[in-house]
Every structure is written in structure tokens, then in C-alpha cells.
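Taking it in order: structure first as C-alpha cells, then the write-up.
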């Protein structure tokens, strides 16, 4: 077990370093002169030069990289080029917003995806299966932000059940917080529900055909008990989908955050990329990859618990 | 089907396969509609300069937020530009962007996947690592950085989306290639001296292209979604009409002019939906090609209709009230695309308590189907009817499904054929033995554990503590079959159904397992129905035997009489086929000389 953890940790660190290095050089190659974005097109040559020196952009790229990397390695992502605030602080303020929306979306996905997938998989080609397949295709088709727009119009503008925009801190009001993240979470979850349900349906159909299910039934187990056996065998792929969805939404909910005016990571990414605030973008990238590593690690442990055969490998 | 079709298939499997999938695809309603929509959209994009009623950037101030009219069919946008024209030109932008994305992803991902899957080794490890790393990268950040850095160069941006989508292609191509590479015909081609590139072109490519096409339909939809999302965020030239930018404008004015949002949203939704429907329909067609449960049905389909409703075959040996099991006129049928196909055509037989009945026949004779019917556990699509299935004096065929299920595990025990696939891989042996005892027989945890341990000891497992804690993959096939026998008898059933219980085992283990079954059957005075294709097994432990062929019973009799002089030539063929070989010969001689049980040592000696 310790060897397993050490190995995963090492692989995670390698991935983290690789993605950091890649993103650093990509960002500096793509954004050749950050002062254009930061000062706008009206700035004078002298202003530009002053900022270049202030940010240390006149140094060789490899020196800049080491300066950033050696600090990032000890958890200090530097300061924003726009307002010279600590990148760590900015991420710390925005992350809880995104985390609460994305976690809620993941919960919704898990619940509805697994329920729908189970029902469809246990009754393949039934009316319900065909209906859910129809819904699947339609939902998969529609981008999350498209659905957000519909939800805003319908539930926030027409029915006024939920606020159209804005975020309420849970410390201010728990119900207000829940109401403020419901519509964004629903629109982020739809795609995931479809993917998880489809994945689980196919797995359930495959497991249901296996010999051991008949043998379990022949022992007199109830339908509920047999379903638990089937679910445990069928769920790894769907669980992997859930994990992928969770981490990809952490930095991928930009458009939905923009529609609902949520002050989350997505908004920070959007505003920072428009002016080329590289330290902020690098900080968010590293934090996202840390989440990828942690979630993948937890996923491996969960998969090993579900199917002990995986543990041996 | 004539022979020419087969010849064609041999000559060029790609061509005939493509034709058949494509022609079946356009014959489904979903297929023809989605294809029609996509062709229409492509036509609109190509013909945009000719069909667009106006210049998409021409500003007519009087048309600002105008409702649909004769001049502006869909109305005007917030600055007075013609919405229909912008929608038509936006189609061009959307398709062009999606094309760049999928070509990029396809050209990088698919060949890399084929090479990694075919050759394996260092390239496979490196490419798989890169693929995983790309998936770990926060894609939107990369896209926005590229957008900011390249002054919103859209083709480059869409190519970047393509790079981010390469892992999808890589994984599919690699997995398919791995599967095909392990097929015997690829090894044969290699031995025959074909070069690797030729094998890839001739054998790998035909198997890889179908899932790649499906992936492309889905990837195109995803690319359009991302593209519209980026445009919605304001990325892209203001002069190039795009659906995403139109949606952004609609969003800003959605309270006053909801139509502004409707048109581009509908265009995007319909396009992506058509792609998704096309992908999923193609996927279904490709998946249907792989044979599944249909095999059993087709094997017997030829004879099914001719024999349908023929009188029941077989006979009863006991009075109805003396039999432990009495099956009367059992018919089993499977639903197939061309209607129902009968695989068991009305058979009757019975077993007395403490008797061992062998059911012998070749694969497809319907013997396993008979057992599944008695359990009421036919695979999906299967259905049986019978004038009666009497078990311990009750006609269970007339019971409701719930009542019927209650007999399982208490009145009827079942031993399956393939030991390794009949234990749930996710649970320990101990759990799997104890669960039915606890829930069906209402034992406490401790009682259940004691019974399970006693049963394992009874079936001859030496290291009971270790086996209880083991997972199925940690024990041998012979041990797994003993575990399954322990599970079947733990509920002390009066009837035990064993479906080829020794077929998957080593010869030496087979004899031990048969011996064990015989002992247990004697000890608990169970009626044992033993399905097998092997007359040697019948000789070993059965009292009576019925011979099945193509869903009918062709012979019933005492084992010794049947061996001495079978009435049916088919039975004689089966006997000589089963007992072909020195060891079996000896076994048979001993069977004739003395009693069945004496045959044991001989079988072990083999």
C-alpha cells in the first residue's frame, strides 16, 4: 500500500512539473509582449519599458522560468501582473465559489446519472430505455452554456424561482447560497448525467449477461441484492467519468460562470487571459493539475476497493 | 444469400462492410434524418455567398431589433444587420472551425493510436503518457492563452481544440488495434511474411475506421460547442459572423428581444443534435454486428419451424406423486429479429428423489435451456411454456414469478458450468456463501459463517480460513467449482441441477468433482439432474439418462441398458464419440464389469 501511494505520488509530481513547464513556455510563446495587454494600446513606449523591467520580462526566459518555478515549488505563485496582489490569495477567494458549484453539479450527476443508467440498463430496449436514450442524445447535443441560457430565461426570468445572476456566500445565508448555485450546477451537470448514464447502461447490460448473475439469482437472492452485485461490477467506468467531469469543470466552467456572473475560477481565468496576466493563469493551471492528481489518486483507491482484482496490478 | 456475396466479403471485407453499414444506416429513420440535416447544413455553408440574402455586415439602422418581415425574414440584430444572412455565414464559420478541429485530432490521434497499439513498447508508453497528460491539462486555460497571444487567430485556436481532443482518437484507435492485433489471423499474416505496413492497411485499418467515424461525429459536435462557447466569451473577429457571438448578443437583449437568442441557439442545437444522433445510430449499427445472445437461437432456427408444435418427446418413469421433478411438455423459445425461434420442442421427463438423471446432447441440443427453464432463469429474450413443472409436489410453472423465485436456493440448487465466471469477482468467497444463508435462510452472521465453513470443509477444501477470505481470482478453477457446489448445497435443496459441472476442469479434477457430487447427492438424498455432453460422465454417476438432439428427446433409459444397446443410432454415435480413447475404454469395460463407482480410479489414472 505504501509503495502504491509513493508510486502514485511520484507520477503525480512528474505530471505536475510537466504540465507546469509546458504551460509556462506555451504562455510566454503565445503572449510575446504582455505589456500590450496589461497597459492597453494607448500606453507610451516608456511606460511599456518601465513595466517590462518591473516585471522582470527583460531577463532571459529560462531565468524567468526558474524564478517562477522555484517559488511555485514551495507553493508561492507570485503576484498578479495586473494588480500586484498575491496569486494565492486571489485563487483562495475564487476557488470556494467554483468548488461549491462543481461539487453540487457532480452530486446531481452521480445521483441522476446512476439512477437513469441503472434503470435503462436493467430494462434494455424498454420504453424507458428508449426514452432515456432520446433524452441522452438531445442533452449530449446541447452545450452546457446553451442549456444555461434556457434555464436562466425559464426559471430565473419567467418563474423567478432562482436568482438569474450572482453568488451568495454560505456564511450569509445557506438557502440563498443553495439557490444561487442551483441553476449553474444543473446546467453543468446535464452533460455529465448523459455520459454517466450511457456508460453505466452499457456496463449494466454487459454485467447482467454474465454467468455469475444467474448463479446469484439461483441462490435465492432478492432482486435488490442482485442489483447491488451488478452495480458494483458495473460502476468503475461511470465513476471514472464522474472524476474526469469534476476536475475538468474546475477550470472548464468559464462560460457558465460568465452567464450567471459567478465570481469563480472561470471568471478569473477569463479576465486574466484577456490581458495576459500569466502568473494568475499559471497558478490556476497548477492548482487544477493538483486537483487532477488528488482526484485520480482517490479514484484509484475507490476502484481498488470496488474490484479487488484491480488492486493487484 | 448467394455465394457471390461470400466471395465479395473475402475479396475486400472493407468494401462490403462499409456498404452494408451505410445502407443500413440510411434505412433507419434517425440515420436518414440526421444525414439529411447535416448535408443541408453543409450545403448552406458552401453556398453561403449565393444564398445569403444580404451582406451579413451591412447595417440597416431601421432594421435594428426588427421583427421578422418580408425584407428580413428572421428580423434584424441589435445594430440592424440581417439575422438570416448572419446565420448563413455563421454556418460557414462553424463548419470550417469544426473541420479544422477534427482533422487535427484525427491526423495526430488515430495514427499514433494504431502505431502504439500495434507495436507497443516505448512508443506506446510515451504516447499513452502524453495522452493522459493532455487530458490533465486545463483545456480552457490553454485555449484562452492561445486566443490572447495570437490576437484571436481562429484557425489556430480550433487546431488547438483539435490537439486537446486527440486523446479521444488515440485511445479508441489504440484499443481497437490491440484487440485486432491479438486475433489469430494477424499472427497468421505475420508468419506468412506480410510486412507491418501491409498488415496495418489490410487488417488493422478495416477494424479501426468504424469507431473512428463515430468518434468524429461526436468530436465535431464537441468542437462546435467549444467554438460557440469561445465566441460567446467574445473571442473571434467582430466582422466574421458566428453563432456564438450572435448568442452572446441575444443573451444581452434576451429580456427585450428573445428572438435574437432563439435563432442562433436553434441553429447550434439542431446541428449538434444531428451529429450526435448520427454518431449514436452508427454506433448501434456497429455494435449490433458483434454476435451476442443471438447465436443460440440461430443455431436451432433452421429446425425450429419445421418441428414446431410436434408432439412432446420423452417419457415418465415414475408416478406423478413419486417424482421429485416432473417436467411435462416443456418448450423454450427465443425472440429473434425474424420472429420467435423454438429451441426446445416439447420434452417430458422426471426424476425420483435420490436419483441421478443425466441429460446428454451436443451443444445447441437444448439441454442447458431445459435447466434454465426449470430455474426460471432463461437469458433475456428467452421464454418457456410447459404443461407442468412439478417440483416436490408443487406445479411451479403456475406460480407467480415472486413465489417461484423463493424456491431458488432452498428447494432447488444450481451448479453452473464455468466455475471462474460464476463467482462475483468483486466479493470474497466467504461473503458469497454467507449472503444467501443470511438473507434467504435468515441465519445470524455467526451461524451463516459456521455453515459456510462446514460446507467448504465438506466439499474437500483444506484451507478453509484462507478460501473464505479469498477473492475468486485468487483460487483455482477446481477449487472454485467446489465453492460453487458448496453454495448450491448450503441451502439443502431437494433438487440439484448441475449444468456441465466438470467440463471446464482438468481431467483429474473432473473425476474428484464427480465423486463429490455423487457422495453429496447420496448423503442429502437429493434428486440430481446432470447436464453433460460426455457419456463418460454419465457412465460415472448417472442412474438414468435422456439423450437430446435439436430440442427433442431421442432416447430415455437406464444407463447400463443404454450403454449395452442404445436404440438410436445417434445415441450410439455419441457413446462412441465420448469414449474414444484408452482410458475411457477401460472405464467403460469396468462399467460393464461392475458398478459405476468402480470406474473412479481408472478415470483418475488418465
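Label-to-label distance for residue A:209 and residue A:83 is 5.8 nm, based on points extended 7 Å past Cα in the beta-carbon direction. Over region B:417-492, the pair-distance histogram of Cα-Cα distances with 10 Å bins from zero comes to 22, 59, 19, 0 percent, rounded to whole numbers.
Percent antiparallel among DSSP beta bridges with both residues in the protein assembly as shown, to the nearest 5?
55
Can you compute the label reach from residue A:71? Point 7 Å from Cα along the Cβ direction, backbone N cut-off under 17 Å, restricted to region A:34-65. So the set is A:34-35, A:51-65.
Building the convex hull from the alpha-carbon atoms of region A:97-239 and averaging its projection over directions returns 10.2 nm². Prolate is the label for region B:116-264. Its Cα gyration tensor axes, ordered a ≥ b ≥ c, give a/c of at least 1.5 and a/b above b/c. Can you give the log10 of the normalised intensity I(q)/I(0) at q = 0.05, 0.08, 0.10 Å⁻¹, computed with Debye over equal Cα scatterers of the protein assembly as shown? One equal scatterer on each Cα of the protein assembly as shown leads to -0.40, -0.90, -1.20. Inter-chain Cβ neighbour count for B:442-453, averaged per residue, equals 0 (cutoff 10 Å, partner chain atoms only). Net length available on complete extension from residue B:99 to residue B:522 is 145.0 nm, with 0.36 nm assigned per residue and the Cα-Cα distance removed. Between residue A:10 and residue A:150, the FRET efficiency from the beta-carbon distance, with R0 = 41 Å, is close to 0.35. Between 0 and 90 degrees, the angle of helix B:243-252 with respect to the longest Cα principal axis of chain B falls at about 80 degrees.
Ratio of Rg to Rh for region B:14-285, alpha carbon only, Kirkwood? Before the final figure, lay out each step's value.
Details: Rg = 21.9 Å, Rh = 20.6 Å.
Radius of gyration relative to Kirkwood radius: 1.06.
Listed peptides B:102-112, B:223-233, A:57-67 appear in the order B:223-233, B:102-112, A:57-67 once ranked by packing, highest mean of other Cβ atoms within 10 Å at the front.
Sort B:129-136, B:357-364 for me by packing, meaning the mean count of neighbouring Cβ atoms within 10 Å per residue, highest on top.
Numbers: B:129-136: 17.5, B:357-364: 21.0.
Those peptides, ordered most packed to least, come out B:357-364, B:129-136.
For the residues of B:274-284, the average number of beta carbons from a partner chain within 10 Å of their own beta carbon is 2.
Put in order of Cβ neighbour count within 10 Å, fewest first, the listed residues A:132, B:348 become B:348, A:132. If the segment from residue B:380 to residue B:466 were pulled out straight at 0.36 nm per residue, it would be longer than the present Cα-Cα gap by 27.3 nm.
Report the FRET efficiency, 1/(1 + (r/R0)^6), for residue A:18 and residue B:69, where r is their Cβ-Cβ distance and R0 is 60 Å, rounded to 0.05.
Values: r = 57 Å, r/R0 = 0.96.
Using R0 = 60 Å, I get an efficiency of 0.55.
Using 15 Å as the cut-off for backbone N distance, which residues of region B:329-362 belong to the label zone defined by a point 7 Å from the Cα of residue B:567 along Cα→Cβ? Answer for region B:329-362: B:348-349. Compared with the dominant Cα axis of chain B, that is its longest principal axis, helix B:29-46 is turned about 20°.
Between residue B:185 and residue B:321, the contour length at 0.36 nm per residue exceeds the alpha carbon distance by 43.2 nm.
Computed across region B:391-459, the Kirkwood hydrodynamic radius from all distinct Cα-Cα pairs reaches 13.9 Å. Counting neighbouring beta carbons within 10 Å and listing from fewest to most, the residues B:355, B:340, A:45 come out as A:45, B:340, B:355. Rounded to the nearest 10 degrees, the angle from helix A:2-30 to the longest Cα principal axis of chain A is 50 degrees.
Over region A:176-257, what is the mean sequence separation of C-alpha contacts under 8 Å (at least six apart), divided by residue count, expressed as relative contact order in percent? List each step's numbers first, then the result.
On the way: 38 pairs, mean separation 36.8, N = 82.
Computed over region A:176-257, the figure is 45 percent.
Taking a ≥ b ≥ c as the square roots of the eigenvalues of the Cα gyration tensor, chain B is classed as prolate, since a/c reaches at least 1.5 and a/b is larger than b/c.
When each of B:441, B:203 is scored by the number of other beta-carbon atoms lying within 10 Å, the sequence from fewest to most is B:441, B:203.
Could you tell me which of rounded, prolate or oblate describes region B:58-195, using a ≥ b ≥ c as the square roots of the eigenvalues of the alpha-carbon gyration tensor, with rounded for a/c under 1.5 and, failing that, prolate when a/b is larger than b/c and oblate otherwise? It comes out prolate by the Cα gyration axes. Convex hull of alpha carbon positions in chain A: directionally averaged projected area 21.1 nm². Normalising the average separation of contacting C-alpha pairs (under 8 angstrom, six or more residues apart) by the number of residues puts the relative contact order of region B:304-431 at 25 percent. For region A:165-213, the Kirkwood radius over C-alpha pairs fed into Stokes-Einstein at 10 °C and 1.306 mPa s yields D = 117 µm² per second.
Taking the mean number of other Cβ atoms within 10 Å as a proxy for protection, how do you rank B:142-150, B:316-324 from highest to lowest?
Working: B:142-150: 23.2, B:316-324: 15.0.
Put in order of decreasing packing, that is B:142-150, B:316-324.
Helices in chain A, meaning DSSP H runs of at least 4 residues, each add -39500 (n - 2.57). Divided by all residues, the mean residue ellipticity at 222 nm is -26000 deg cm²/dmol.
In this simple spin-label approximation, residue B:156 and residue B:59 carry label points 7 Å from Cα along the Cα→Cβ vector, and these lie 2.9 nm apart. Peptide A:204-212 shows a mean partner chain C-beta count of 4 within 10 Å per residue C-beta.
We did not get these values from a lab; they are worked out from the coordinates using the rules stated. The shown structure was predicted, so the numbers you read here are calculated from the model rather than taken from an experiment. Cβ coordinates were reconstructed from backbone atoms using ideal geometry, including for glycine residues, and neighbour counts include every protein chain displayed.
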